[in-house]
Amino acid sequence: MTSPLYGRMMQMPLLISSLLTHAARHAGDTEIVSRRVEGDIHRSNWARVEQRARRLAQALRRLGCKSGDRVGTLAWNTDRHLEVYYATSGSQLVCHTINPRLFPQQIAWIANDADDQVLCFDLNLLPLVEQLAPQLPRVRHFVLMTDRAHMPAQSALPGLLCYEELLAAEDGHYAWPAFDEQCASSLCYTSGTTGHPKGALYSHRSTVLHAYAAALPDAMACSASDVVLPVVPMFHVNAWGLPYTAALVGCKLVLPGPKLDGASLYELFESEKVTFSAGVPTLWMGLMEHVRGQGLAFSTFRRTVIGGSACPPALMRALEEVGVHVIHAWGMTEMSPLGSLARLQPKHAALPAAEKHRLLEKQGKAIYGVDIDVVNDAHEPLPWDGEHAGHLVARGPWVIERYWNEDDSPLVEVQGRGAWFPTGDVATMDPDGFMQITDRSKDVIKSGGEWISSIDLECIAMAHPAVKEAAVVAATHPTWDERPLLLVQLKAGASVTREELLSFYKGRIAHWQTPDDVVFVDELPHTATGKLSKLTLRAKYKDWLVRKS
Ligand code: ADP
């Protein structure tokens with residue numbers, strides 16, 4: 001490093017352990033509060049989490065884990081899961097979070113594909129892991145994330161280890177190792193709406209850079225004064241990076257454990273004075289039903305990031321009415337996940353409220369670190385006019401280059417601009433760079449050569465007072481190839497007719513885009529990450545219009 005071309009700054013790799021040691025040293029007594037699976041509210045802090053993570057790192061090495069090995073987790077948002085995050089990545093192991101809501105066969109497939117050596121899991125998932133164990137021949141150790149008092153008298157799992165006992169057996173004299181920041185830190189599989197799930201393998205560098213960007217004022221605007229409650233699970237793209245961002249800014253973290261019902265969440269928001277949160281739309285619908293049903297208000301909660309699927313404007317308004325500003329964000333597992341957030345620019349300050357809303361309902365502007373563009377089928381860039389919808393592509397240091405265990409890179413060459421990741425989303429960009437997702441490529445409705453956005457149609461239906469949730473899918477049509485079919489779940493006790501719902505579209509959308517029919521359902525299916533399962537709906541209702549005609 002003596003070349004005159006180099007700067008003369010310290011060569012320090014961007015490592016995840018540095019986030020934790022920073023929080024422990026400079027915000028050591030800032031609280032980490034968890035609703036544990038055992039039922040109690042547990043109070044820890046950054047200093048304690050760091051000490052315990054060091055002990056766990058020692059224990060994992062003692063169990064035979066070697067640099068680069070994957071440690072699987074099947075766990076909710078709790079302090080112990082946070083410790084596993086930092087102990088694994090910090091000691092050069094890979095933290096592989098698995099979604100416990102997936103089908104058991106999928107969990108086994110994912111754990112085997114990742115070649116997990118150790119599996120750490122929560123108490124209420126013991127029966128699931130016992131059932132899975134015969135399909136996990138390569139997992140060498142099963143660690144139940146609880147204390148001795150809650151360990152089962154006997155278990156089908158051979159040599160089941162107790163988390164607290166593992167920690168107690170270590171002395172904590174462990175120095176976080178320094179290594180190349182490009183080393184793998186954590187692994188998360190996409191929910192696999194088509195085919196097998198695929199793993200996104202994050203690096204220390206990508207994770208730390210993402211944590212910085214997420215904290216910025218025009219992103220999540222996190223500071224040490226915040227109390228952050230990630231409703232988004234730690235098994236869903238590292239809870240959108242919040243466990244890292246919280247350490248970076250040194251703020252209080254409130255972890256809701258497995259209880260994500262409206263009443264339990266509301267209680268935590270109030271008792272812990274939460275200011276900021278993040279989650280997918282369906283979760284907020286549940287919480288808002290509780291808040292409105294009981295006539296409640298929030299005393300400290302002021303803003304939340306909503307993403308993972310399009311946030312219905314009706315939900316944004318509902319949250320606004322109780323004083324919570326919604327930051328609509330877009331991202332994906334392959335992007336760590338943050339790509340864009342809807343934040344106004346100074347020139348929008350004087351706009352009428354309705355126009356501000358229209359901008360804030362979009363998926364927003366790219367944050368530094370991610371570049372986005374829309375391209376046509378030949379991968380040529382499309383104009384940023386808010387009109388041309390095309391394939392959304394992205395690139396940046398926290399965007400995937402290739403999937404775990406796959407040789408081929410999914411990147412595409414955009415004319416004259418190098419390699420980009422094709423997101424599978426369809427979007428428009430306006431002249432100010434506000435991106436709006438109109439669909440996933442596979443959900444868009446292709447009617448007589450024109451594209452109809454299923455998201456637009458869903459958002460309109462959800463603005464109807466009788467509608468709890470709506471999904472629009474492409475149904476085969478003899479003349480038009482595909483036509484939109486609206487599926488709705490009504491609110492309890494509400495009623496509305498097919499005709500009333502269809503006429504609700506008048507004046508809100510071009511007439512030809514109005515759904516062809518309405519199906520009332522008791523419940524809409526969701527994926528393991530809480531999104532509408534369009535795959536299930538399409539399989540069931542694809543022939544609805546043909547059958548009716
Ligand atoms: P999966 O592909 O398994 O659902 P992700 O959870 O990573 O995995 O989901 C990413 C996808 O979710 C995006 O490609 C996009 O289709 C959708 N998505 C995420 N955020 C939004 C949003 N704010 N509006 C619309 N769609 C979104």
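Over the C-alpha atoms of region 16-319, what are the Rg and the largest Cα-to-Cα span, Dmax, in Å?
18.5, 54
Compute log10 of I(q)/I(0) for region 337-440 with the Debye formula, placing one identical point scatterer on every Cα and leaving out solvent, at q = 0.11, 0.13, 0.15, 0.19 Å⁻¹, to two decimals.
Normalising to I(0) and taking log10 leaves -0.36, -0.49, -0.63, -0.94.
How much of the accessible area of region 163-262, in percent, comes from carbon and sulfur atoms when a 1.4 Å probe is used?
Details: 1760 of 3190 Å².
It is 55 percent, rounded to a whole number.
Does region 89-169 come out rounded, prolate or oblate, given a ≥ b ≥ c as the square roots of the eigenvalues of its C-alpha gyration tensor, rounded meaning a/c under 1.5 and, failing that, prolate meaning a/b above b/c?
oblate
Let's see if you can work this out: charge +1 on each Lys and Arg Cβ, -1 on each Asp and Glu Cβ, no other charges. What is the dipole magnitude of region 70-164 about its Cα centre, in debye to the nearest 20?
The dipole magnitude comes to about 140 debye.
Simple spin-label model, 7 Å along Cα-to-Cβ: Asp522 to Arg292 in nm?
2.4
Using every Cα-Cα pair within region 359-398, state what percent have a distance larger than 13 Å.
I get 59 percent for the Cα pairs in region 359-398 exceeding 13 Å.
Tell me the Kirkwood radius of the chain: reciprocal of the mean inverse pair distance over distinct alpha-carbon atoms, in Å. Kindly include the intermediate steps, with their values, before the conclusion.
Details: mean 1/r = 0.0408 Å⁻¹.
It works out to 24.5 Å.
List the trypsin sites (Lys or Arg not before Pro) in region 286-329 that DSSP assigns to loop (not H, G, I, E or B) and whose Cβ has at most 16 other Cβ atoms within 10 Å. Which are they?
Listed in order of number, the matching sites are Arg302.
Applying 1/(1 + (r/R0)^6) with R0 = 56 Å to the Cβ-Cβ distance of His196 and Ala354, what FRET efficiency is obtained, to the nearest 0.05? Present the calculation step by step, with values, prior to reporting the outcome.
Working: r = 44 Å, r/R0 = 0.79.
For His196 and Ala354, the calculated efficiency is 0.80.
What whole-number distance in Å separates the alpha-carbon centres of region 186-253 and region 442-457?
Taking the Cα centre of region 442-457 as reference, the centre of region 186-253 is 31 Å away.
Can you give the net charge of the other residues whose Cβ lies under 13 Å from the Cβ of Asp116, counting K and R as +1 and D and E as -1?
Working: positive: Arg70, Arg138, Arg140; negative: Asp69, Asp113, Asp115.
That sum, taken over residues with Cβ under 13 Å, equals 0.
Between rounded, prolate and oblate, where does region 112-208 land on the alpha carbon gyration tensor, with a ≥ b ≥ c its root eigenvalues, rounded for a/c under 1.5, else prolate if a/b exceeds b/c?
The shape class here is oblate.
Where the centre of each part is set by its Cα atoms, how far does region 365-396 sit from region 262-288, in angstrom?
After rounding, the separation between the Cα centres reads 33 Å.
Relative to the Cα centre, what is the charge dipole magnitude of the chain, using +1 at the beta carbon of each Lys and Arg, -1 at the beta carbon of each Asp and Glu, and rounding to the nearest 20 debye?
Computed about the Cα centre, the dipole is about 640 debye.
In whole percent, and with a 1.4 Å probe on the protein chains, what portion of the accessible area of region 293-360 is carbon and sulfur?
Ligands and nucleic acids excluded, carbon and sulfur give 57 percent.
Relative contact order, percent, of the chain when contacts are C-alpha pairs under 8 Å separated by at least 6 residues?
10
Taking the Cβ-Cβ separation of Arg417 and Ala492 as r and a Förster radius of 60 Å, what is the calculated FRET efficiency to the nearest 0.05?
After rounding, the FRET efficiency stands at 0.75.
By DSSP, what percent of the beta bridges with both residues in region 16-319 are antiparallel, rounded to the nearest 5?
Around 25 percent of the beta bridges assigned by DSSP in region 16-319 are antiparallel ones.
Within region 67-81, which residues have the backbone N less than 14 Å from the label spot 7 Å out from Thr536 along Cα→beta-carbon, could you tell me?
So the set is empty, nothing qualifies.
Any idea how far the Cα center of region 36-65 sits from the one of region 90-166, in Å?
Centre-to-centre distance over Cα atoms comes out at 16 Å.
Normalised by the empirical 2.2 N^0.38 Å for globular proteins, what value does the Cα Rg of region 29-86 take?
Dividing the Cα radius of gyration by 2.2 N^0.38 Å gives 1.21.
Based on the alpha-carbon gyration tensor of region 163-262 and its eigenvalue square roots a ≥ b ≥ c, which shape applies: rounded if a/c is under 1.5, prolate if not and a/b is larger than b/c, or oblate?
It is rounded, given that a/c, with a ≥ b ≥ c, falls under 1.5.
Of Leu344, Ile400, Gly418, which is farthest on the positive side of the dipole of region 337-440, counting Cα position, with +1 on Lys and Arg Cβ, -1 on Asp and Glu Cβ, and the Cα centre as origin?
Checking the options against the dipole of region 337-440, the answer is Leu344.
What FRET efficiency do you get for Gln154 and Asp432 if R0 is 56 Å and r is their Cβ-Cβ distance, rounded to the nearest 0.05?
After rounding, the FRET efficiency stands at 0.35.
Just the accessible area for Leu128, please: 1.4 Å probe, Å², rounded to the nearest 10?
30
Once fully extended, how much extra length lies between Asp171 and Lys468, figured as 0.36 nm per residue of separation less the alpha-carbon to alpha-carbon distance?
101.6 nm
Report the accessible area of Lys534, computed with a 1.4 Å probe over the heavy atoms of all protein chains in place, in Å² rounded to the nearest 10.
Solvent-accessible area, nearest 10 Å²: 20 Å².
Given a 1.4 Å probe, how much area per residue of region 337-440 is accessible, in Å²?
Per-residue value: 46 Å².
Could you check the simple spin-label distance between Lys259 and His511, using points 7 Å along Cα→Cβ, in nm with one decimal?
5.4
If packing is taken as the mean number of other Cβ atoms within 10 Å per residue, what is the order of 176-189, 231-244, highest first?
Going by the mean number of other Cβ atoms within 10 Å, highest first, we get 231-244, 176-189.
With Cβ to Cβ distances under 11 Å as the rule, what net charge do the other residues near Val521 carry (K, R +1; D, E -1)?
-1
For Glu130, Glu406, what's the largest-to-smallest order of accessible area, 1.4 Å probe?
The ranking, largest first, comes out as Glu406, Glu130.
Express the carbon and sulfur contribution to the solvent-accessible surface of region 60-162 as a percent, rounded to the nearest whole number, probe 1.4 angstrom.
55
Could you compute the net charge surrounding Asn45? Neighbours are other residues with a C-beta less than 13 Å from the C-beta of Asn45; K and R count +1, D and E count -1.
The answer is 0.
So how do Tyr212, Tyr368, Tyr85 rank on accessible area, 1.4 Å probe, biggest first, that is with the largest at the start?
Descending accessible area places them as Tyr368, Tyr212, Tyr85.
Put Lys252, Lys365 in order of accessible area, largest first, 1.4 Å probe: what do you get?
Lys365, Lys252
Which whole number of Å³ per residue matches the convex hull of the alpha-carbon atoms in region 274-374?
123
At what distance in nm do the modelled label points of Leu216 and Glu130 sit from each other, each positioned 7 Å from its Cα along Cα→Cβ?
For the pair Leu216/Glu130, the computed spacing is 5.0 nm.
Tell me, what is the Rg over Rh of region 445-548, with Rh the Kirkwood radius over Cα pairs?
In region 445-548, Rg relative to Rh is 0.94.
Can you give me the angle between helix 262-271 and the longest principal axis of the chain, using Cα atoms only, in degrees from 0 to 90, rounded to the nearest 10?
60
The values are calculated or read from the model by the stated rules, or taken from the named source; none is laboratory data. All values derive from a computational prediction rather than experimental measurement. Cβ: placed from backbone, ideal geometry, glycine included. Neighbour counts: every protein chain shown. Note: accessible area is taken over every heavy atom of the protein model, side chains too, but ligands, DNA and RNA are not part of it. Shrake-Rupley method; radii C 1.70, N 1.55, O 1.52, S 1.80 Å.
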